[in-house]
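Report on the following structure.
Each value in this text was obtained by applying a stated rule to the coordinates, not by laboratory testing. Given the structure is predicted, the values throughout are model-derived calculations rather than measurements. As a convention, Cβ positions derive from the backbone with ideal geometry for all residues, glycine included, and neighbour counts pool all protein chains shown.
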Amino acid sequence: MKKLIRNTLTAALILAATNAAAHFQTLIPNEDIITPETGTMVNLDLIFTHPMEWGPVMEMAPPVQFGVLAHGNKQDLRPTLKKQNQEGKSTYSAAYSISSPADYVFYVEPAPYWEPAEQKMIIHYTKVVVDAFGAEEGWDAMVGLPVEIEPLTRPYGLWTGNLFRGIVKKNGAAVPYAEVEVEYYNVDHQVAIPADPYATQVIKADSNGVFAYSMPKAGWWSFAALVDGDDKLTSPEGKPVDVELGGLIWVRTRDMADR
């Protein structure tokens with residue numbers, strides 16, 4: 001009986017830990033700054049996963065939107081998407097050729113994801129900014145997503161330890177005291193996680209929707225502003241359910257190196 005109780009408790013704890021893991025939509029380019037030395041091709045990976053815990057990968061349906069904003073114009077990039085398979089789940093990749101100096105804001109609206117553990121649909125509107133050939137203009141351009149982070153810190157050319165600041169906006173208006181989750185893209189488990197709270201950092205915006213976070217390690221970081229959707233969606237069982245909307249932005253930091 002004691003063994004059964006222990007096994008049941010262990011299974012419950014494992015399930016709780018799995019359910020508590022934060023979902024993040026990744027949109028990560030191979031380069032965040034394009035120079036003559038890097039070449040003009042940007043390769044992007046789109047995966048729905050738990051980046052700090054390096055998995056598991058979750059099934060990703062074909063995105064509703066995938067595009068780039070540059071020079072004030074949007075371009076639909078859905079035809080460039082290539083379906084991939086990772087851990088038996090659908091992910092996507094894309095390649096884009098940079099044609100001129102500008103800041104390129106890549107963005108994705110994934111299809112709604114049903115999370116049975118939370119009994120809600122999840123939609124994470126995600127973007128990343130790539131600077132090309134020293135343009136350094138347009139990095140704060142807003143795509144116009146339902147939930148979106150407006151960067152107050154230029155989201156590239158960042159050193160480890162830099163402070164990233166942004167404004168959480170829903171339908172163009174600042175969201176006071178919005179909750180923002182922060183995770184590191186922990187490639188191949190290179191960072192040990194001593195306890196669950198270390199996996200996802202949680203901060204709150206101020207009364208003006210402004211948040212700030214200092215990134216302690218080189219690599220890719222994601223900021224996910226989470227708000228409740230105004231309308232319900234239908235679950236796979238045909239029931240109306242709540243919707244979690246996320247506005248995500250990915251930024252990269254690098255360590256300083258002596259000459």
| request: With runs of 4+ DSSP H residues as the only contributors, calculate the mean residue ellipticity of the chain at 222 nm using -39,500 (n - 2.57) per run, divided by the residue total and rounded to the nearest 500. | output: -2500 deg cm²/dmol
| request: For segment 24-81 and segment 190-235, compute the distance between their C-alpha centroids and round to whole Å. | output: 19 Å
| remark: Log entry: pair-distance distribution for segment 139-181, C-alpha pairs binned every 10 Å from zero, whole % per bin is 27, 50, 22, 1
| request: Kindly express, to the nearest 10 degrees and within the range 0 to 90, the angle between helix 2-20's C-alpha long axis and the longest C-alpha principal axis of the chain. | output: 20 degrees
| task | Treat the count of other C-beta atoms within 10 Å as a stand-in for reagent exposure and order Glu118, Glu148 from fewest to most. | result | Glu118, Glu148
| remark: Checked segment 15-143 against the a/c 1.5 cut and the a/b vs b/c comparison, axes a ≥ b ≥ c from its Cα gyration tensor; verdict prolate
| field | Order of Met60, Met41 - criterion: other Cβ atoms within 10 Å of each residue's Cβ, fewest first | value | Met41, Met60
| Rg and Dmax [Cα atoms of the chain; Å; Rg one decimal, Dmax integer] | 18.8, 69
| remark: Quick calc, Lys74 & Arg154: beta-carbon distance into FRET formula, R0 25 Å, rounding 0.05, result 0.75
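Cut-off is 10 Å between beta-carbons; in what order do Ser214, Ser93, Ser235 appear when sorted fewest neighbours first?
Ranking Ser214, Ser93, Ser235 by Cβ neighbours within 10 Å, fewest first, gives Ser214, Ser93, Ser235.
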| field | Among the listed pairs Lys127/Lys204; Lys127/Lys169; Lys120/Lys170; Lys169/Lys239; Lys74/Lys217; Lys82/Lys170, those beyond 23 Å (Cα-Cα) | value | Lys169/Lys239; Lys74/Lys217; Lys82/Lys170
